[in-house]
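Remarks on the structure that follows.
No lab work stands behind these numbers, since they all come straight from the coordinates. What you see is a predicted model; the values in this text were computed from it and never measured. Cβ placement follows ideal geometry from the backbone for every residue including glycine, while neighbour counts extend to all protein chains displayed.
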Amino acid sequence: MSNKTQIRQTINRILSPVPAPAPVPSVRPAPEPVPPKYTDKIITCVECAKSFVWNAGEQEYYNKRGVLNAPKHCPACKARRRQYFNNHPNQGQK
């Protein structure tokens, strides 16, 4: 090989891009979220003070829709309130 060829090869080797090393993960990946376990809950109504059951299926249904709070009124009081506000539509407005 001639001297020019050796010089050209050396220059090309110096100027050629060096492949970057593969990134090393420094943090463990986050674990998969564990779905909450629902159990039936006994709740006391704030209006009539009777106990009622908020079952696991209802909890899951409302949680999937973004409702995270437990109900405060039993189904009977809730129905009574709905009926009242349906018959008196302006009573609920401020």
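Some observations on this one:
- Annotation for segment 6-44: trypsin sites (Lys or Arg not before Pro) lying in DSSP loop with at most 10 further Cβ atoms inside 10 Å of their Cβ are Lys37.
- Most positive-pole-ward Cα, Asn86, Thr10, Tyr61, against dipole of the chain from beta carbon charges: Thr10
- Cα gyration tensor shape for the chain, rounded if a/c is under 1.5, else prolate or oblate: prolate
- For the chain, modelled as a GNM whose springs connect Cα atoms under 10 angstrom apart, the maximal fluctuation among Ala30, Ala79, Ala22 occurs at Ala22.
- Number of Lys pairs (Cα under 24 Å; 8 or more positions apart or on different chains) in segment 37-94: 12
- Restriction of the chymotrypsin sites (Phe, Trp or Tyr not before Pro) in segment 1-92 to DSSP coil positions whose beta-carbon has at most 16 other beta-carbons within 10 angstrom yields Tyr38.
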